[in-house]
Amino acid sequence: VKAAPPRAAEACARQRDDALAEAGGAIGAETRSLVRRIQNAFALFRFHRAKAAQAQLDGAVRQLESRPDLFRSRAEPTAKALEAMRSCVSSSQAPGLATVNVRVFRLDGGSLDALGATGGAGVYVRVEGIPVGRTAAGGTLRARIPSGPVEVTAVVPSAAEGMQPLA
């Protein structure tokens, strides 16, 4: 994988920040949804999934157009910022991916490092909110992720059961 110059990712990060700043003027769940689309688009770009990133931004524009009352005077600048970000993620190459080995553990309040037994198989691992896989039997996962600082989240699937009688 030929790594792109860091300037490409920095330019798209600036476009993301501009879009987030413009979208921040509305209120409620619609704004959170729009912000989530912008963040997901940037994460997908970093994962070398430009078409999926563009789709997220297209969805954000459609969302903006469907609810102009929420954005009032910010609708046009927000749409322009989203289009600039879309142009950046479609024309720039993201920096190279890195390989990471993830090991999950159960929390143990009785130990000094708070780590208990391994998490086992089936733990969902996400990087920047993007699913990258599930752990194997030993609680490990090897994945390709964007280089640079990232947020890794592990989610243990629920073992809860529910029952509802039907009349």
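Here are a few things to note about the model shown:
- On full extension, the segment bounded by Val100 and Ala13 gains 29.1 nm, given 0.36 nm per residue less the C-alpha separation.
- With every protein chain in place, segment 33-92: carbon and sulfur % of accessible area (1.4 Å): 47 percent
- Nonlocal amide H pairs with Gly133, under 5 Å, H built at 1.01 Å: Val125
The values are calculated or read from the model by the stated rules, or taken from the named source; none is laboratory data. Quantities reported herein were computed from a predicted structural model and do not represent experimental measurements. Areas reflect the complete protein model, heavy atoms only, side chains present, ligands, DNA and RNA absent. Shrake-Rupley method; radii C 1.70, N 1.55, O 1.52, S 1.80 Å.
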